[in-house]
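What follows is one structure encoded as structure tokens, with my remarks underneath.
The values are calculated or read from the model by the stated rules, or taken from the named source; none is laboratory data. For clarity, every value in this text was computed on a predicted model and none was experimentally measured. Here the Cβ is made from the backbone with ideal geometry for all residues, glycine too, and neighbour counts use every protein chain on show. Side chains are part of the model used for accessible areas, which takes the heavy atoms of the whole protein and leaves out ligands, DNA and RNA. Shrake-Rupley method; radii C 1.70, N 1.55, O 1.52, S 1.80 Å.
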Amino acid sequence: DIKISVSRENKKYVTSVVKASEKDNPFFRLLPGDSVALSPIVYRSESVLIVGETGAQSAVEIDALSRKSLSNVLFERNMLSHVSSDFSQIYVLRKNKNGFLAYHLDITNPVRINLANDFEMRPDDIIFVAAQPLTTYNRALAHILGVVGITTTARDQIRSEIN
């Protein structure tokens, strides 16, 4: 939407393109001598959150004029890791009056990336990128081996103190 300011006989009228397109709007007809100025409507800053296997959780600013798509948000900052991100498990969580609505996107097939180009982001959307199953397994194994390492170190320390 764009702000329209009409100056007529020392009076200033302000509306928007959406309002001006309504049939009963008084600004629909312009008169000789009217001065018209167009400017973007400034909204409060709004963002989309990107979480999951993205390297760094972050918020991406969006606005009504640029109308970023899901592919803009995902690919313009190299958010996806080729090693750990699961390209078949990308979700967009969008608030609605009943809670959240989840959209699932699998971009392992390049044809489906076109869907991401057409999916417009909205304020407060949450993009979740799942981890590859092998990445999840490696992390679980690292935690288990870390506990084993701590236990082994403690055991060796107790043995050395006893001897």
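Please enumerate the residues belonging to region 87-113 that are within 17 Å of the chain's Cα centre (by Cα) and more than 18 Å from residue 49 (Cβ to Cβ).
Answer for region 87-113, where residues must be within 17 Å of the chain's Cα centre (by Cα) and more than 18 Å from residue 49 (Cβ to Cβ): 87, 106, 107, 113.
I'd like to verify a number: residues in region 73-129 that are open to solvent by less than 60 Å² (accessible area, probe 1.4 Å) and part of a strand (DSSP E or B), how many?
Residues flagged as open to solvent by less than 60 Å² (accessible area, probe 1.4 Å) and part of a strand (DSSP E or B) within region 73-129 amount to 14.
Scan region 1-30 and report the pairs whose first residue is among the aromatic types (Phe, Trp, Tyr) and at pLDDT 80 or above and whose second residue is surrounded by 12 or more Cβ atoms within 10 Å (Cβ to Cβ) and in a loop (DSSP other than H, G, I, E, B), with Cβ atoms within less than 9 Å and a gap of 6+ or a chain change.
13/27
For a quick check of your reading of the model, give me the residue pairs whose first member lies in region 53-79 and is closer than 13 Å to residue 127 by Cα and aromatic (Phe, Trp, Tyr), whose second is open to solvent by less than 60 Å² (accessible area, probe 1.4 Å) and at pLDDT 80 or above, with beta-carbon atoms closer than 9 Å and at least 6 apart or on different chains.
Close Cβ pairs satisfying both conditions: 75/113; 75/116.
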